[in-house]
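Input: a single structure, listed below in structure tokens.
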Amino acid sequence: MTTEPRTTAIEPATFHPNPSKPTYVPPVGAVDAHCHVFGPAARFPYAAERKYTPVDAPKEKLFALRRHLGFARNVIVQASCHGKDNAALIDALEADPQATRGVAVVDPSISDAELEKMDKAGVRAVRFNFLSRLVDTTPREDFQRIAERVAKLGWHIVVYFEMPDLPDLAPFLRSLPTTVVIDHMGRPDVAAGVDAAPFRGLMTLLEDDKFWVKVGCPERLTCDGPPYRDVVPFARRLVETYSDRVLWGTDWPHPNMTSHIPDDGLLVDLIPQIAPTLDLQRKLLIHNPLRLYWGEE
Ligand code: 0GY
């Protein structure tokens with residue numbers, strides 16, 4: 001049974017019922033490195049502390065979308081609506097162990113045995129979410145403790161923040177004892193352009209090779225709407241400058257989108273614009289995610 005969220009910030013949106021077949025054909029073995037599973041609530045109830053209640057987006061739909069888009073693997077990221085109960089994530093990983101890896105959300109009090117169980121199921125990272133519209137604040141000491149625990153397993157940290165928060169966060173992120181992956185390009189202000197100081201600040205952070213960045217999510221960042229051409233220069237600059245530390249994902253099922261429902265086929269069709277050569281595409285979609293999540297060189 002689903003309980004009411006403590007805060008209902010945003011109306012639940014749904015995902016595209018019939019995304020287009022992309023014109024762009026990803027290289028064989030391509031990885032969608034940022035996506036989620038939601039519920040189904042009857043089996044995996046949403047967390048009491050959640051800020052939104054999504055439409056169920058179960059693993060079967062994610063795996064069908066993966067095939068439709070021409071991808072081979074998924075990195076599934078625990079979303080805030082499931083809190084620190086990673087059961088739906090683990091269930092999805094166990095349903096397709098070769099083709100999936102996971103990013104969990106955990107409490108510092110988690111036991112070693114639980115972490116090891118997650119590791120066996122394919123979890124390779126934890127996510128630290130700094131968006132107050134999505135989560136209550138976690139003390140940095142807690143994040144630090146979690147980071148130290150998971151670094152021992154060879155996991156990394158995925159961080160989700162908004163660009164105005166980066167100057168305050170940067171020293172903390174630099175202090176983390178393992179690789180740090182930045183979600184959604186650090187959510188730059190697209191209207192300000194790629195040469196604006198905050199985006200240059202992100203580029204500076206990325207000079208330290210402990211940092212990686214995800215270059216998807218144009219649907220959240222765009223000012224112009226689909227087909228998201230205004231977001232391309234940001235992703236392209238990151239891909240061309242840090243080609244060995246970029247990842248791409250659909251962000252399906254696109255929680256909290258209120259402006260429009262993204263067509264996932266359209267998102268895939270942006271890839272050759274942000275990664276204009278076959279070499280860059282292979283790094284972005286295959287070599288980088290396989291190195292980070294599957295331990296394959
Ligand atoms: C995303 C983005 C969002 C939501 C979450 O954990 C989440 O609930 O990450 C958002 O609302 O911007 O990556 O799915």
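Bear in mind that the values in this text are calculations on the coordinates, not laboratory data. The shown structure was predicted, so the numbers you read here are calculated from the model rather than taken from an experiment. When we count neighbours, we look across all protein chains shown, and the Cβ atoms used for this are built from the backbone with ideal geometry, even at glycine.
Structure summary
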quantity: Which of Glu297, Glu162, Glu116 has the fewest Cβ neighbours within 10 Å, and the rest in rising order; calculated: Glu297, Glu116, Glu162
quantity: Pairwise FRET efficiency - Asn18 versus Asp209, Cβ, R0 = 51 Å, nearest 0.05; calculated: 0.80
quantity: Added length on full extension, which subtracts the Cα-Cα distance from 0.36 nm per residue, Lys152 to Ala192; calculated: 10.4 nm
quantity: Ranking of Val190, Val135 by count of other Cβ atoms within 10 Å, fewest first; calculated: Val135, Val190
quantity: When the convex hull of its Cα atoms is projected in every direction, mean area for the chain (nm²); calculated: 13.8 nm²
quantity: Hits among lysines - C-alpha to C-alpha of Lys21 under 18 Å, sequence gap 8 or more where chains match; calculated: Lys61
quantity: Phi to ³J(HN,Hα) by Karplus 6.51 cos²θ - 1.76 cosθ + 1.60 over region 264-269, Hz, x for Gly, Pro; calculated: 4, x, 5, 5, 5, 5
quantity: Net charge of neighbours whose Cβ lies under 11 Å from the Cβ of Phe71, counting Lys and Arg as +1 and Asp and Glu as -1; calculated: +1
quantity: Ranking of Tyr293, Tyr52 by count of other Cβ atoms within 10 Å, fewest first; calculated: Tyr52, Tyr293
quantity: Val159 long-range amide H proximity, modeled H, under 5 Å; calculated: Phe128, Val181, Ile182, Asp183
quantity: Arg229 versus Gln98: modelled label distance in nm, points set 7 Å from Cα along the beta carbon direction; calculated: 4.2 nm
quantity: Reach of Lys283 by Cα under 22 Å, taken over lysines that are not fewer than 8 positions away in the same chain; calculated: Lys210, Lys214
quantity: Around Ser20: net Lys/Arg minus Asp/Glu count, Cβ-Cβ under 12 Å; calculated: -2
quantity: 3J(HN,Hα) from dihedral phi, region 166-179, Karplus parametrisation 6.51/-1.76/1.60, rounded to Hz, x for glycine, proline; calculated: 5, x, 5, 7, 3, x, 5, 4, 5, 7, 5, x, 8, 4
